[in-house]
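Just below is one structure, and these are the notes that go with it.
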Amino acid sequence: MDRREIAALLAYIGRIDPRTIRTDQGEAADQLAQWHELLGDVPTATPYGWDALAAARQHTRTSPYQILPADIARPWESCRRDRLARHSDPTPSVDPDDQAAWAAELAGTRRAVATGTAQPSQARAITTGRDGADPRLEARLREIGSCIPPAARAALAPYRPARAAREAAVAQGLPDALSVRCAWCLAQPGEPCRRRRIGPDGGAHGTAPCATHPSRLDLAAAQQPEQAQQPAAA
């Protein structure tokens, strides 16, 4: 606030709390200089949520003590901290290789949020399920068939042979054994079958991955026609 805005603020406070009025010209000048020194970096109002007159009115309503500059500065600092705490830096629009421009845009955005001339930019929440899916992403996935491009999938095949064999089997129309729960080792869908390690006392002391149990293959083969009929029935 400049000196004229401080004078307007003091005039407003004097109307709602006559104790702050200074009738002597010298005292009024000293009061104006003191408030300007302490509140020079505090705005009168911002487009988003801050109003010094409202802060003064709230103090007069709730406190029996005469208002001081700190009673305006303290709510403003709380407002700044709250806005910055709710702000998540958006990606700058400049070239990321230009470090000076990148840092300058980040600092400018934070300054605008802190001074109340821009709204805090909050990070997008992670969505799950069909309700929160992006339609453009769904269309892209239907177009390419997978979130992993075919070239990347082929390059990864030597490093994950089990998954590559499973994908090849599914592509040939064979049942996907990992799509069902194994009734023998109780492996959940998507998890490989495991072999129990039996100790000398006859108790199980751990498990280790093993080949898919035949019963799991039979169960997947039995459910494959049902899964194929579900989209048609829907």
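Every number here is computed from the coordinates shown, using simple stated rules; none is lab data. The shown structure was predicted, so the numbers you read here are calculated from the model rather than taken from an experiment. Cβ placement follows ideal geometry from the backbone for every residue including glycine, while neighbour counts extend to all protein chains displayed.
Here are the numbers for the structure shown:
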quantity	calculated
Stretchable slack from Q172 to A157, in nm (0.36 nm times residue separation minus alpha-carbon distance)	3.7 nm
Order of R136, R110, R216 under a 10 Å beta carbon neighbour criterion, fewest first	R136, R110, R216
Inter-label distance for D89 and A114, nm, one decimal - labels placed 7 Å from Cα along Cα-to-Cβ	1.3
Gyration tensor (alpha-carbon) shape descriptor, the stretch 12-57, a/c threshold 1.5	oblate
Residues with amide H under 5 Å from that of T207, placed H, sequence gap 5 or more	R197
FRET efficiency, 1/(1 + (r/R0)^6) with R0 30 Å, evaluated for E77 and S121 via beta carbons	0.90
